[in-house]
Amino acid sequence: MLGGHRFSTADDVLGFLEDQGSDVKYINMLFPDILGELRGFDIPVYELQRAFEDGKGFDGSSIEGLARIEESDLLAQPDPETFRVLPWRYAANGETYRIGCLFCDIHNTDGSPNSCDTRYVLKRVLRQAHEQGFSSFKIGPEPEFFYFESHKDLTVLDKGDYFSMGIGDPYGQLRKETALGLLNTGIITEYGHHEVAPSQHEIDLRYGDALEMADIVMLFRYIVKEYASRAGVYATFMPKPLDDENGNGMHVHQSLWKGENNVFFSEDDPYNLSHTARAYTAGLLTYIAEITAVLNQWVNSYKRLVPGYEAPVYIVWGQKNRSALVRVPEYAPGKRHATRIELRSPDPGCNAYLAFSVMLAAGLRGIEQDLELSSPTEYDIYCMDQDEREQLDISMLPGNLEEALVEMQAGSIVRETLGDALYRKFIVNKEIQVRNYRSEVGHKYDTRVSSFEIDHNLPRL
């Protein structure tokens with residue numbers, strides 16, 4: 001959707017470009033790699049019709065997790081429903097022009113879906129939800145990020161804290177310009193504010209269907225970084241760039257729908273959660289350890305997931321308890337459509353397609369197994385000692401990426417969700433990351449951010 005225009009078919013896009021998009025000269029053909037990094041190539045706009053008809057061939061062997069050398073020829077098939085125009089103008093040869101973009105499904109040369117396309121993985125899990133009678137899985141992410149001098153300089157640019165304004169939030173204007181740029185791209189935001197740590201910010205996205213929202217998360221990170229670069233600073237979604245400060249999370253609000261009905265809502269429950277919502281939440285809590293390596297895919301992710309920095313580490317749920325892993329926002333009268341649960345452990349360095357896939361898979365399994373939701377925890381778990389937590393049977397998330405991989409491989413849900421080929425490639429990628437970290441830092445994991453993480457994560461995230 002763009003400026004009130006909703007695109008369903010290739011003809012819709014081509015008609016828009018002919019009637020109203022004459023200054024769009026190029027199209028960026030976009031897709032994610034296994035890590036969730038944005039990949040793509042550009043084509044002149046006159047090539048777009050052919051791309052819709054036949055796809056565009058490319059060599060996938062150099063894209064992380066996509067194809068082996070012996071099967072490297074792939075097709076990028078643009079999805080017309082994802083068409084947007086980027087918010088900047090470019091200049092060349094005395095004229096200005098704009099660039100459109102389309103997310104692509106990756107196909108093999110015989111036209112079949114490529115099993116390692118993470119966008120396809122999410123589509124497959126959404127089909128499973130449809131088979132269980134749900135028409136929509138809605139997602140509302142809250143990505144956090146830092147502004148720094150550059151990708152080599154972690155000097156903070158302000159001394160603000162949560163909801164700082166004015167002098168405490170000197171880059172608030174840049175944040176607002178970014179939100180307007182997102183709006184001009186057809187991406188609706190709901191909140192923007194300074195976060196707890198110095199130089200840390202958050203822009204919340206209005207909830208929408210999971211596949212569109214995964215595409216939006218990809219564009220969101222790109223647009224935030226581009227606006228920052230144009231302002232002479234560097235934006236990073238690295239989970240934990242600074243010692244002794246909060247890290248970047250991406251809380252994910254989620255709900256299941258049947259048509260216009262939010263099936264998570266119930267008038268008869270004290271938390272206004274339906275039986276379906278309770279079973280879904282129980283599934284998340286039951287399988288969270290297995291899916292954590294996908295939600296938090298970097299060694300650095302686990303430097304954020306430690307007690308004392310507002311990141312959840314204990315596997316409990318509650319309503320007002322912000323130390324809980326899953327929070328249920330309070331119901332506002334007349335707002336049954338807003339009933340949802342909020343998973344607080346993911347970080348914005350994840351592959352959003354895979355993260356949304358495994359969350360949904362865990363919740364659906366909870367519904368299938370009719371799991372019973374435990375009692376809520378409404379007190380600050382950080383203030384409890386280990387004996388008190390053990391008495392209440394409160395367990396913790398994996399403490400590092402290595403432990404998370406063990407949990408993932410001990411279970412079945414990630415393998416079944418990703419499929420064997422992508423699952424194996426994901427494991428290999430993470431094992432290489434752990435091995436490289438160990439070879440440079442040693443065998444001990446601690447809460448300090450190492451130079452390895454700064455060198456490997458800051459420039460790419």
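The values are calculated or read from the model by the stated rules, or taken from the named source; none is laboratory data. Because the structure is a prediction, the values reported are computed rather than measured. Here Cβ is always computed from backbone atoms with ideal geometry, including for glycine, and neighbour counts include all displayed protein chains.
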request  = Scan (1) surrounded by fewer than 21 Cβ atoms within 10 Å (Cβ to Cβ); (2) at pLDDT 95 or above for the single condition MET408 breaks and write down its number.
outcome  = (1)
inquiry  = Return the pair list, or none, for Cβ contacts closer than 8 Å from residues in the range 216-227 that are over 11 Å from PRO143 (Cβ atoms) to residues that are among the acidic types (Asp, Glu) and part of a helix (DSSP H, G or I), at least 6 apart or on different chains.
reply    = TYR227/GLU177
message = Only one of TRP257, TRP317 is surrounded by fewer than 20 Cβ atoms within 10 Å (Cβ to Cβ), outside the structural domain of LEU86 (by TED's automatic domain parsing) and in a strand (DSSP E or B). Can you tell me which?
response = TRP257
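Every residue, every condition in (1) surrounded by fewer than 24 Cβ atoms within 10 Å (Cβ to Cβ); (2) on the phi > 0 side of the Ramachandran plot; (3) not aromatic (Phe, Trp, Tyr), yes or no:
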{"site": "ILE188", "(1), (2), (3)": "yes, no, yes"}
{"site": "TYR191", "(1), (2), (3)": "yes, no, no"}
{"site": "SER199", "(1), (2), (3)": "no, yes, yes"}
{"site": "ASP204", "(1), (2), (3)": "yes, no, yes"}
{"site": "GLU226", "(1), (2), (3)": "yes, no, yes"}
{"site": "SER229", "(1), (2), (3)": "yes, no, yes"}
{"site": "PRO239", "(1), (2), (3)": "no, no, yes"}
{"site": "ASN246", "(1), (2), (3)": "yes, no, yes"}
{"site": "MET250", "(1), (2), (3)": "no, no, yes"}
ask   = Any residue in the range 127-149 that is farther than 24 Å from GLU37 by Cβ, free of Cβ contacts under 8 Å to residues at least 60 places away in the same chain, assigned to a loop (DSSP other than H, G, I, E, B) and touching a strand residue (DSSP E or B) at 6+ places or on another chain (Cβ under 9 Å)?
value = no
request  = Test PHE52 against the stated conditions and say whether it is assigned to a helix (DSSP H, G or I) and either modelled with pLDDT of 95 or more or at positive phi (or both).
outcome  = yes
key: Selected residue [under 19 Å from LYS152 (Cα atoms) and at pLDDT below 95] from ASP268, ASP243   = ASP243
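Matching residues to (1) surrounded by 13 or more Cβ atoms within 10 Å (Cβ to Cβ); (2) modelled with pLDDT of 95 or more; (3) more than 27 Å from the chain's Cα centre (by Cα):
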{"residue": "ALA352", "(1), (2), (3)": "yes, yes, no"}
{"residue": "ALA362", "(1), (2), (3)": "yes, yes, no"}
{"residue": "GLY366", "(1), (2), (3)": "yes, yes, no"}
{"residue": "GLU372", "(1), (2), (3)": "no, yes, yes"}
{"residue": "ASP387", "(1), (2), (3)": "no, no, yes"}
{"residue": "LEU418", "(1), (2), (3)": "yes, yes, no"}
